[in-house]
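Encoded as structure tokens, the structure appears first; notes follow it.
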Amino acid sequence: MLFDGKTGAAASELLRQARKSVMDVAVRPDIVMERGEGMYLWDTEGNRYLDFIGGWAVNCLGHSPAAIREALQRQAAVLVNASPSFYNKPMIELAGLLTDISCFDKVFFASSGAEANEGAIKLARKHGVKNLGGAYEIVCIENGFHGRTLATMSATGKKQWEPLFAPKVSGFRHVPLNDFEACAAAITDRTCAVMLEPVQGEGGVHPADAAFLHRLRQICDERGIMLIFDEIQTGIGRTGNMFAYEHYGVQADVMTLGKGIGGGFPLSALLVKEKFNIFEPGDQGGTYSGQPLAMAVGSAVIREVVRRELPRNADTQGKYIVAELQRLAKKHPIANIRGMGLLLAFDLPAGQGPNLVSECLKEGLLINSPNAGTIRLMPPLIVAKGEIDDMVERLDKVLDRTSPLSIVCS
């Protein structure tokens, strides 16, 4: 049954308070989410939603998982915050877990993906000063996304962001994804790093080509330039491996993690090879860096992802979603189905994305439209075949209702 969008007295009062006090930095529907469990969210009216957004690829274990609840309870009873001036046991444990499961040697912890990417930018520029005669430019990719701080917005390749908050941080050059010749031409004696997502997330789910990444690795080695992989959205099992770089057989010098590493708790990480472990005391920090609660959650998330083999589930269920979308494409105007694991997307006729999101919301299905012609699916890594069947059934019903639409050519 379709949700009619009507709200009761309690929800109406909450919405009134929200409009009075909450900044309008996002377009939000007139619903208030109250609780979550597994693959589902419930609003204050009792409506249940099948979640294929997953907190923007954050809730890798689903909503309110026992592993996170128990980790928070255990750690809160022992130590909440000792300040970043000291080591703490959960910090040491999580750092060890991350270096054990990756190709990296050292870790710095932060609270958001943008903070981790800011750290990577600072590290690259320190490398430029220390080893490349003061080089400071970073080559980034058009349509990429690295965060919402001033520097990470400058690194981000969104055209619509170019006029915002001018003057931007200088020193970023943008080239098309998978265009090695353009990238090579953009590298000069002022270049200290190349930074990119192995699979663009906010840009609409566009994977890098393996040959492109291998050639980037080669030119970075030849020129002494740092290679940075932003795996904020792709890391921790999302693409069907623990990290997206494993699909390509290409290792970066620096990797950033966020989103799934905390399973919904604010946590991010900057990982480096020992060769680029060049920060000195005072170069980098943060009040909540290595905060014990976040560290305990991160360790619990990593252990659950490994124990439950969730990268394998992401690969298996992602292939099933692709097959079902291909089946829908025979009767509906969806095209260019793409992605890896449980980071997937497809295209619609121009401008139809937001309308489909809105109509699916009425059907109790949460999906995302990163741009007007694209739908992105990034459900929790625990998703099962039955929930995918449910998603496909609801999506099919909405597409039936919103047809006819003109076929998009990709």
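Applying the selection to the stretch 215-247, what residues are of a type outside the set (A, V, I, L, M, F, W, C) and surrounded by fewer than 21 Cβ atoms within 10 Å (Cβ to Cβ)?
Step one: list which residues in the stretch 215-247 are of a type outside the set (A, V, I, L, M, F, W, C), which gives 215, 217-218, 221-224, 230-231, 233-235, 237-241, 245-247.
Those that are of a type outside the set (A, V, I, L, M, F, W, C) and surrounded by fewer than 21 Cβ atoms within 10 Å (Cβ to Cβ): Arg215, Arg217, Gln218, Asp221, Glu222, Arg223, Gly224, Asn241, Glu246, His247.
Enumerate the helices (runs of 4 or more DSSP H) found wholly within the stretch 96-199, keeping only those where 2 or more residues are within 30 Å of Val306 (Cα to Cα) and not β-branched (Val, Ile, Thr). So that I can check it myself, show each step before the final result.
Values: elements: 113-131, 150-155, 180-186.
By residue number, 113-131.
Could you list, ordered by first residue, the pairs with Cβ atoms under 9 Å in which the first is in the stretch 122-138 and farther than 21 Å from Ala185 by Cα and the second is assigned to a helix (DSSP H, G or I) and acidic (Asp, Glu), at least 6 apart or interchain?
From the stretch 122-138, no pairs qualify.
If I filter the stretch 273-287 for residues that are under 21 Å from the mean Cα position of the chain (by Cα) and of a type outside the set (Asp, Glu), do I get at least one hit? Write out each step before concluding.
In the first step, residues of the stretch 273-287 are kept if they are under 21 Å from the mean Cα position of the chain (by Cα); the result is none.
Within the stretch 273-287 (the criterion being under 21 Å from the mean Cα position of the chain (by Cα) and of a type outside the set (Asp, Glu)), the answer is no, since none of the residues qualifies.
Just name the residue that is surrounded by the fewest Cβ atoms within 10 Å (Cβ to Cβ) out of those in the stretch 70-95 that are among the polar types (S, T, N, Q) and part of a loop (DSSP other than H, G, I, E, B). Even if it seems obvious, please write down each step before you answer.
Residues of the stretch 70-95 among the polar types (S, T, N, Q): 73, 75, 81, 83, 85, 88.
If we keep only those that are part of a loop (DSSP other than H, G, I, E, B) as well, we get 81, 83, 85, 88.
Values: Asn81: 13, Ser83: 11, Ser85: 6, Asn88: 19.
If we take residues in the stretch 70-95 being among the polar types (S, T, N, Q) and part of a loop (DSSP other than H, G, I, E, B), then Ser85 is surrounded by the fewest Cβ atoms within 10 Å (Cβ to Cβ).
Every residue, every condition in (1) modelled with pLDDT under 95; (2) more than 28 Å from Gly262 (Cα to Cα); (3) not acidic (Asp, Glu), yes or no:
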| site | (1), (2), (3) |
| --- | --- |
| Gly157 | yes, no, yes |
| Glu162 | yes, yes, no |
| Leu177 | no, yes, yes |
| Cys183 | no, yes, yes |
| Ala186 | no, yes, yes |
| Phe212 | no, yes, yes |
| Ile219 | no, yes, yes |
| Phe229 | no, no, yes |
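Out of (1) under 20 Å from the mean Cα position of the chain (by Cα); (2) assigned to a loop (DSSP other than H, G, I, E, B); (3) free of Cβ contacts under 8 Å to residues at least 40 places away in the same chain, what's the single condition that is false for Gln251?
Tallying (1) under 20 Å from the mean Cα position of the chain (by Cα); (2) assigned to a loop (DSSP other than H, G, I, E, B); (3) free of Cβ contacts under 8 Å to residues at least 40 places away in the same chain, Gln251 fails exactly one: (3).
Give the residue, chosen from Ala77, Ala66, Ala82, that is at pLDDT below 95 and farther than 27 Å from Gly201 by Cα. Even if it seems obvious, please write down each step before you answer.
Working: Ala77 fails: at pLDDT below 95; Ala66 fails: at pLDDT below 95.
The unique qualifying residue is Ala82.
Look at the stretch 307-358 and say how many of its residues are of a type in the set (Gly, Ala, Ser), in a helix (DSSP H, G or I) and within 29 Å of Glu246 (Cα to Cα).
Our first condition is that a residue be of a type in the set (Gly, Ala, Ser); within the stretch 307-358, this holds for 314, 318, 323, 329, 335, 339, 341, 345, 350-351, 353, 358.
Filter again for in a helix (DSSP H, G or I), leaving 314, 318, 323, 353, 358.
If we keep only those that are within 29 Å of Glu246 (Cα to Cα) too, we end up with 314, 318, 323.
Here the count works out to 3.
For the stretch 170-212, which residues satisfy the criterion of being farther than 25 Å from Thr374 by Cβ and under 23 Å from the mean Cα position of the chain (by Cα)?
Within the stretch 170-212, Arg173, Ala193, Val194 meet the criteria.
The values are calculated or read from the model by the stated rules, or taken from the named source; none is laboratory data. As the structure is a prediction and not an experimental result, all values here were calculated from the model. In this analysis, Cβ positions are derived from the backbone assuming ideal geometry, glycine residues included, and neighbour counts consider all displayed protein chains.
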